[in-house]
């Protein structure tokens, strides 16, 4: 992690933020318009989101993934398709993006955008792309971009794509953050361009019954040992959607407390992979207070070194993390689908420990003789303790 942080130091207020993106509810761009996004901004603010990101569809051009493409969308060669491809859609956003930027800012949030760099002809249009992104940053203050549809076809492509990101980072004094989607195509991955921002790790959905919180926890747990966790953009879905797809499944998303789902990725860069305005009131009522607690402590969490501990998550394990920082330890332990309410963890390898303060809404933790005993009464729940 030290080597990765030498390339991209952690900056509080820039890194490790809670970002929302509507694509996770699988409406794609069908609902995108100014009134809908204003509603999203209002809902995201109530949840505690930092950046509200508009995915594919804000722009005038139509990609192959658009609900309105009718088989005629593109996934490359954007500038050749339409020189105005990357202007805000004049029908969906007749007033441009500024009203959305202003609405987000009024609630203490930022606006983010999806963007697909032009990979045609070995990324020959890289400077054009860089100037476009810098324009959004300088005129509207947009600093968070999800990078998708990228195709690294050759060493020339990689050189030019790297130059694109470098130009934007230099031109923004390092304020721009790129989430590099690595879920498809041939693209720089976990160690390809570690200096540009987080890695967008997963594309899972409840619509096909292919999202389980324990699998995302497993991914994060396995990656956290080799990739700086703050560089992992990991998803939190709306667990109440498509419950019929998981009928009889004890590990169904709806069986997990929403705070536990969020906690499974809170040591990284959480992604609200949902329409915030579509969350049930009870989901918001439970998650928003916990997000507020996390935000008070996240700089400490992200500044420390994350150590996966316990068993590898598999749906039935006791598992979790120890974060070692300058101010002590944080311990986050998950009780998956098992019959053991208690778990012990020797904190000796991480330093002296004398007391534990529970920060999670449930659970208990006691330290005696350097050993932490955690109690989680309910399955699929967790405990988070600050250890001094």
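A few comments on the model shown:
- Segments 82-88, 279-285, 145-151 sorted - mean Cβ within 10 Å per residue, highest first: 145-151, 82-88, 279-285
- Sequence-distant contacts, meaning Cα pairs under 8 Å at least 6 residues apart, place the relative contact order of region 86-142 at 29 percent.
- Distance from region 75-92 to region 320-353 (C-alpha centre basis), Å: 50 Å
- Relative contact order for the chain, counting Cα pairs under 8 Å that sit 6 or more residues apart, in percent: 15 percent
- By the Stokes-Einstein formula, at 1.306 mPa s and 10 °C, region 248-388 with its Kirkwood radius over alpha-carbon pairs has D equal to 102 µm²/s.
- Modelled this way, with points 7 Å down the Cα-to-C-beta line, the labels at residue 140 and residue 337 are 4.3 nm from one another.
- Cα-based helix-to-principal-axis angle, 213-223 vs the chain, degrees rounded to 10: 90 degrees
- Taking 0.36 nm per residue of separation and subtracting the Cα-Cα distance, full extension of the segment from residue 344 to residue 295 would add 14.9 nm.
- Cα centroid separation, region 266-285 to region 186-245 (Å): 15 Å
- Label point at residue 75 placed 7 Å out along Cα→Cβ; residues across region 150-167 whose backbone nitrogen lies under 15 Å: 150-153
- Sequence-distant contacts, meaning Cα pairs under 8 Å at least 6 residues apart, place the relative contact order of region 306-387 at 29 percent.
- Cα gyration tensor, region 251-316 - rounded (a/c under 1.5), prolate or oblate: oblate
- Degrees separating the helix 126-140 axis from the principal Cα axis of the chain, which is the longest one: 70 degrees
- Stretching the chain fully between residue 373 and residue 286 yields a gain of 28.8 nm (0.36 nm per residue, less the alpha carbon separation).
- Prolate/oblate/rounded call for region 1-130, Cα gyration tensor, a/c under 1.5 rounded: oblate
- The chain, Cα convex hull volume normalised per residue, Å³: 131 Å³
- Calculated [θ] (222 nm, deg cm²/dmol) that DSSP helices of n ≥ 4 give over the chain, each run adding -39,500 (n - 2.57): -8500 deg cm²/dmol
- With both labels modelled 7 Å from their Cα along Cα-to-Cβ, the residue 243 to residue 107 distance reads 2.6 nm.
- Helix 281-303 and the longest principal axis of the Cα set of the chain meet at an angle near 90°.
- Ordering of 31-39, 288-296 by burial proxy (mean other Cβ atoms within 10 Å per residue, highest first): 31-39, 288-296
Throughout, read-outs are computed from the coordinates displayed, never taken from laboratory work. These numbers were taken from a predicted model, which means no experiment stands behind them. Don't worry about glycine lacking a Cβ; one is built from the backbone with ideal geometry, like all the others, and counts go over all protein chains shown.
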